[in-house]
Amino acid sequence: MNGMLLGISPDFLYLHKKQPKPLSDYHRPYFLAFCPKERNIESARKELFNKWENNTSDQSNLSKIEKIGDIESYRSFWRYNEKRNVFRVYTKQSYFVPEVSDYLFFNHGFYTAEHDIPYHQRALIDLAAEGKTWIFDSGGKKEKLNVLVYDIETTQYEQGNINVPVDIIGHTDFDIAFESDKNLESEEFSFDIIDCPTHSEDIEVKQLISRNIDEEIENLYKFCKLVMNYDIISGHNIAGFDNLQIYNRINWILKTHQSRLSDNEGKTFQDFINRFSRRDRSFHFGVGSEIVNFYPCSFDTYHATRKFYSFLNSFSLKAVAPFLGVGVKDRIILTPSQMKIDDRTLKYNKHDVIEQMGVTLNLIQQALPLSFTTCMPFETLLSSGAVNMWDHMALLRGSIQKKIIPATCRASSICKDLLNHCNGCTSREEIVSQAKQKRDQLSKEFVRVLKYGKEMPEWVKYPYVVYNRDAKDADERLNYHMPGGMTIKPDKDAKSHFIPWYNVVIADVGAMYPTILKALNIGADTVRLCPKDDTPDMLVWFKRLPQKFFENVDVKWRKITEREGFADKGFMIGIKIDKKPGVVNCAMTGIMSMIQQIKNELQQVKSSGDPGELKRLKMMYQSVKGARNAGTHGILSAPNVSGRQFNLWGAGAITTKGQVILDETIQMLQKKDIRVTYGDTDGIYMGCSRSVGNLPKFSKALGVNVNDNEEDWLTKPEEALSAIKQCNSKWQEELNYPEFELEPEHHDAMIFVKHKNYLIFDEKDGKIVMNTKGNNFKGSDKANIARKVLREIMTNVLKEIPYWTDEKEARNDVRNSIKSKTKEILLNLDLSKVDIDDLTLIQSVKPAKQYKTNQDGAMSTFGKRAKALEKLLGRPIKSRIKLKFVVTKKPLPDIAKPSKSGVKPIDYMYPMDLLEDVGEIDLKWYKKMIENYIQGAFGLSNIEATEQKGLDAWM
């Protein structure tokens, strides 16, 4: 197969610089069939073959079979030392696979496997495993992709209306060049972006404007021809809106205005619908929505933002563009009801396209290397969670290794069904026999797993471990307790809270879990329980397991003893580990090789000082690093997430070894008299100094003059770094894995409040930059003024306490300083210097009828608010819109019994754009909101300011 693969659908392959190729020319749908142990597979296959060959009925499921393959040997997934004889059953259409699989299982006594893989994924992993193609693989040669960025405006849009005129299509484009190469045998990957333009507001934006149906047909025809000539089609939320609207509109035109179309227009529209677009459904946390993908390849920056910047409070273009530094100055913002075919709307559309161009340039440099390394098209990569991404890579390696890959399921749901339908069954054969008698009662998900027969997961034999039928609430639903990562809490363990620690060195353990997986070969397919009469390869720690497990399961175990210094109670469970690399281990090798290549290039670029290249490599590094960190414990231990690789014992092996490493590392650091101030799955934090004087640049930026005193060092930073190197050497040797590394990081100052909540201070370009971590400080539901005031308070706290000698005294001083600085700053807050944008609260508003009514059928508070806003706006709210609000003294019109309680008092939230008198803003409410934010963030009380200054000047 010649040409680089850009995308795949269930019907077509999309190769670079080539017309779409029918997928059926290269691949046919199939599933695996095999027999229970008491049946001979040769005779069973022959019997099935004869029935299929002699079948004359079009109504029989046998008529849906296209071919029955030869018997092959596959490796068992759950019993790594066993093999299964299987044969492939090919179907005439991909959607026949599930029902033919059901037919062979229930009517002919076969077990079946890999019957639930979406066909475009099945075809992609097989073709990739066979070396025929790979997503964005240039084979080591320079390739250039042309990218179309577009955005539409619909002046008549109303939520729920699927047929709306497309009035404006704005678009621009750019090229991106790269080289990529891979070696699947050694799992080595390399990806290098050679050329990518920088963002500019001066780009040319072309616009197609339609004032009537004839102009719309002409412009949609031009757009279809345009899409067919690009490699990547990009935009923000295009799959769920722009693509969908264009797809629906073209379909409507084909059905109702065929007579208006020229031969070329009709043919192009039909070709576009059939070969270059496809309707689908997207799921996010189980909630489905209709989408349309354009081909060869759709790059939806909305989904890309959710994947790479999941911590953002909003994923809208208006929020993402400023965050990435590509926002348009003085950009126009319109609600759907404000749009017309006029100069203002055209300028709004142009601003949208410019910002989408900037967002695309940023995100595509993160997505391309990840798409290549995982061999996942953008359409599936960006909307997939970590479990699905790693399942895809496992499927690909399973195809290479000829290993039977399990069904996707939520383990908790399957275990619940097992306890309901097959309670008391102790073997897979019993489960199959009993479940078949209740076929009509079984869920599709349960049948999907059941059909695997003897290749069902090990945990089906002890479902009571995963699901507790006697649970009184959701917290008791899981019948086991697997400890997570070790933590050293600043307030309870390290006693380091509310102290300014200067020159903090961190041993970053972000790569520890992936490293453990690699070093010990941990995976769902490589770890199983150790029988009582065998010697375990490792013991894993569980705090709680049901007594029934120890009574019924053949497993080696013992209770926790003093030998486990890291554990307080529970059991050590014996496991066996395969010596051959598992499917995730192989994929992790590829991810890590990519990371190492990028790290090497980063070192070279840091020396050369190319800022553009440095930024590009950092973005690539973050995306692939994120994939690495997501590919370990989580994919094995998520019982409520649909996945293929749930394995408690494998997950426990990773966390147990992590506990041991952190425990012994901390002991080693403490023996060296290094002050450990905090520890969790992010890293081990070491406070090196008690004085800002030891940090000249930071001291200067802070505006304090403190001498550099040797006695203020608790530990010299170089000694802390040396200790980290010693820890690395120890674990590289003990794990027999030279790549093990606790990566050192550094911050100028930190203040810890409690577990996972702390403040970070660094000097950057002569200024103090403060970052917060943890929900205490998140304040996503607060106006930005709260976060700005927090930054000012804490900077002043550091100025007031630039050094200390006694930890208890320092803690007391910091608490008092936070209180006093809060009072002082709020008391003297000069609102004439406050940007009104810092007072805004952003909320989405839906049409009133879309809000759920109260129990008595009356309109809810949100519905009443929507009605009041319609009165203010002077137009109906037809679809969800986002508005900027400020809190005012008077409530919205027609709100009976308004309330100002709560974090966001919606009855008093007035649209900022409609505010005529800034004197109506309730400044006292903002002051109290800030007080509550500071008190809540630090857990302090008695913070009150009694006077507000600067009001007259501000108004």
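The values are calculated or read from the model by the stated rules, or taken from the named source; none is laboratory data. Computed from a prediction, not measured in an experiment: that's the story for all the values here. Cβ placement follows ideal geometry from the backbone for every residue including glycine, while neighbour counts extend to all protein chains displayed. SASA here: full protein model, heavy atoms, side chains in, ligands and nucleic acids out. Shrake-Rupley method; radii C 1.70, N 1.55, O 1.52, S 1.80 Å.
Using the Karplus relation 6.51 cos²θ - 1.76 cosθ + 1.60 with θ = phi - 60°, the per-residue 3J(HN,Hα) values for segment 535-544 come to 9, x, 7, 6, 10, 10, 9, 10, 6, 8 Hz, with x marking Gly and Pro.
Within a straight-line Cα-Cα reach of under 26 Å, residue 267 can be paired with the following lysines, leaving aside sequence neighbours fewer than 8 residues apart in one chain: 17, 18, 21, 206, 222, 225, 255. Isolated cysteines in the chain, defined as those with no second cysteine Cβ under 4.7 Å, comprise 35, 196, 224, 297, 375, 409, 415, 530, 586, 688, 727.
Rounded to the nearest 10 square angstrom, residue 890 shows an accessible area of 130 square angstrom against a 1.4 Å probe.
Label-to-label distance for residue 214 and residue 729 is 8.4 nm, based on points extended 7 Å past Cα in the beta-carbon direction. Each peptide in 389-395, 673-679 was scored by the mean count of other Cβ atoms within 10 Å over its residues; highest first, the order is 389-395, 673-679. Kirkwood hydrodynamic radius computed over segment 95-135 comes to 11.5 Å, based on all pairs of distinct alpha carbons.
Straight-distance candidates among the aspartates and glutamates for linking to residue 764, with alpha-carbon spacing under 14 Å and chain neighbours fewer than 8 residues away dropped: 748.
The accessible surface of segment 290-367, taken with every protein chain in place and a 1.4 Å probe, is 50 percent carbon and sulfur. The trypsin sites (Lys or Arg not before Pro) found in segment 147-222 that occupy coil by DSSP, while having at most 12 further C-beta atoms within 10 Å, are 211. A convex hull fitted to the Cα coordinates of segment 652-803 yields 135 cubic angstrom per residue. Find the percent of Cα-Cα distances in segment 48-120 that exceed 18 Å, and round it to a whole number. Cα-Cα pairs in segment 48-120 separated by more than 18 Å: 42 percent. The phi-based Karplus calculation (6.51 cos²θ - 1.76 cosθ + 1.60; θ = phi - 60°) puts the 3J(HN,Hα) values of segment 26-39 at 10, 7, 10, x, 7, 9, 9, 10, 8, 10, x, 5, 7, 9 Hz, whole numbers, x for Gly and Pro. Taking amide H atoms as placed 1.01 Å from N in the peptide plane, the amide H of residue 340 lies under 5 Å from those of 345, each 5 or more residues away in sequence or on another chain.
Taking θ as phi - 60° and the Karplus parameters 6.51, -1.76 and 1.60, the scalar couplings of segment 615-626 work out to 4, 4, 5, 5, 5, 4, 4, 4, 5, 6, 4, x Hz in sequence order, x denoting glycine and proline. Can you flag which of 318/889; 618/788; 782/867; 756/788; 83/580; 83/532 are past 26 Å Cα-Cα? The pairs that break the limit, which is 26 Å between Cα atoms, are 318/889; 618/788. Electrostatic bookkeeping for residue 240 treats Lys and Arg as +1 and Asp and Glu as -1; over the other residues with beta carbon under 9 Å from its beta carbon, the sum is -3. At full extension, residue 708 and residue 427 could sit 94.1 nm farther apart than now, given 0.36 nm per residue minus the alpha carbon distance. Amide hydrogen proximity for residue 677: with H placed 1.01 Å from N in the peptide plane, the residues at 5 or more positions away or on another chain lying under 5 Å are 685, 686, 687. Of all DSSP beta bridges confined to the chain, the antiparallel ones make up roughly 90%. Estimated at the nearest 10 Å², the accessible area of residue 451 is 10 Å² with a 1.4 Å probe.
Here each label is just a point 7 Å from Cα along the line to Cβ, and for residue 812 and residue 340 those points are 6.9 nm apart.
Scattering from the C-alpha atoms of segment 811-930 alone, worked out with Debye: what is log10 I(q)/I(0) at q = 0.11, 0.15, 0.18 1/Å? The Cα Debye sum returns log10 ratios of -0.46, -0.74, -0.96. The Cα atoms of segment 871-936 cover 41, 25, 24 Å along the three principal axes, with the biggest extent listed first. The convex hull defined by the C-alpha atoms of segment 675-739 has an orientation-averaged projected area of 5.8 nm².
Counting only lysines at least 8 places from residue 672 when in the same chain, those with an alpha carbon closer than 20 Å to its own are 495, 716, 725, 730. Fully extending the segment from residue 842 to residue 42 would add 281.3 nm, taking 0.36 nm per residue of separation and subtracting the current Cα-Cα distance.
If the segment from residue 330 to residue 900 were pulled out straight at 0.36 nm per residue, it would be longer than the present Cα-Cα gap by 201.9 nm. Solvent-accessible surface of the chain, taken per residue with a 1.4 Å probe and all protein chains present: 44 Å².
Indicate the gyration tensor shape class of segment 115-160 (rounded, prolate or oblate), computed on the Cα atoms with a ≥ b ≥ c the square roots of the eigenvalues: a/c under 1.5 is rounded; otherwise a/b larger than b/c is prolate and the rest oblate.
oblate
Computed in the context of the full set of protein chains, the accessible area of segment 409-497 at 1.4 Å probe radius has 40% of its extent on carbon or sulfur. Of the solvent-accessible surface of segment 803-888, computed with a 1.4 Å probe over protein heavy atoms with every protein chain present, carbon and sulfur atoms account for 46 percent.
Can you give the net charge of the other residues whose Cβ lies under 14 Å from the Cβ of residue 744, counting K and R as +1 and D and E as -1?
-4
A cut-off under 13 angstrom between Cβ atoms defines the neighbours of residue 177, and their net charge, with Lys, Arg +1 and Asp, Glu -1, is -2. Taking only the alpha carbons of segment 196-348, we obtain Rg and Dmax values of 17.1, 51 Å in that order.
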